[in-house]
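First the structure, in the form of structure tokens, and then the observations on it.
Values quoted throughout were computed directly from the atomic coordinates according to the rules given, and no laboratory measurement underlies them. As the structure is a prediction and not an experimental result, all values here were calculated from the model. Backbone-built Cβ (ideal geometry, glycine too); neighbour counts: all protein chains shown.
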Amino acid sequence: MKKIRVKVKRLTNLPLPAYQTEDASGLDLYSAENKVIKKKSFASVRTGIAIEIPKGYEAQIRPRSGLAKNYGIGILNSPGTIDADYRGEIMVILFNFSNKDFKIKKGDRIAQIVFSPITKIEWVEVKELSKTKRNEGGFGHTGK
């Protein structure tokens, strides 16, 4: 398992994001504010931190499964990507899929952040692509 060093700037007095179990891949992010997300609506929620991601890495913001299962709360642009050159506060765009307003309290765990290495590509423009058994079969091509 590889470890990278990520600089973090606290913008509030909240704890830093943390792994909840030894083998967790994501660190839980906390809400830096009290907020209500109206039913069938979305809102940006502050996390109270800004980070400096090492070059060659990205951070992905992902939903918390318990919020999705128990309350219908997800992330609108899931996963959200934070590039290595961004230095502003991390914001999470939460969506309330439920029929009830959802109250968030400062300090609630609202999402998780996962760090991943980046692979850069170089386009090779061609006239034809190689054939496969699937070829151009798209959505639902294998049936139910």
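Here are the numbers for this structure:
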item	result
Within a Gaussian network of the chain (alpha carbon springs, distance under 10 Å), most fluctuating of 48, 74, 88	88
Radius 11 Å from Cβ of residue 50, net charge of other residues (Lys, Arg +1; Asp, Glu -1)	+3
Candidate aspartates and glutamates for bridging to residue 69, where Cα separation is under 18 Å - those fewer than 8 sequence places away on the same chain excluded	28, 101, 108
Mean ellipticity per residue at 222 nm, deg cm²/dmol - from DSSP H runs of n ≥ 4 across the chain, formula -39500 (n - 2.57)	-1000 deg cm²/dmol
Fluctuation leader among 44, 130, 65 - the chain, Gaussian network, Cα springs under 10 angstrom	130
Cα gyration tensor shape for the stretch 7-114, rounded if a/c is under 1.5, else prolate or oblate	prolate
Net +/- balance of residues flanking residue 112 in space, Cβ distance below 14 Å, scoring K and R +1, D and E -1	0
Neighbourhood charge, 12 Å Cβ-Cβ cut-off, centred on residue 35 and excluding it, Lys, Arg +1 and Asp, Glu -1	+2
Dipole in debye (nearest 20) - the chain, about Cα centre, beta carbon charges: Lys, Arg +1; Asp, Glu -1	480
Packing-based exposure ordering (other Cβ within 10 Å, fewest first) of 25, 31, 78	25, 78, 31
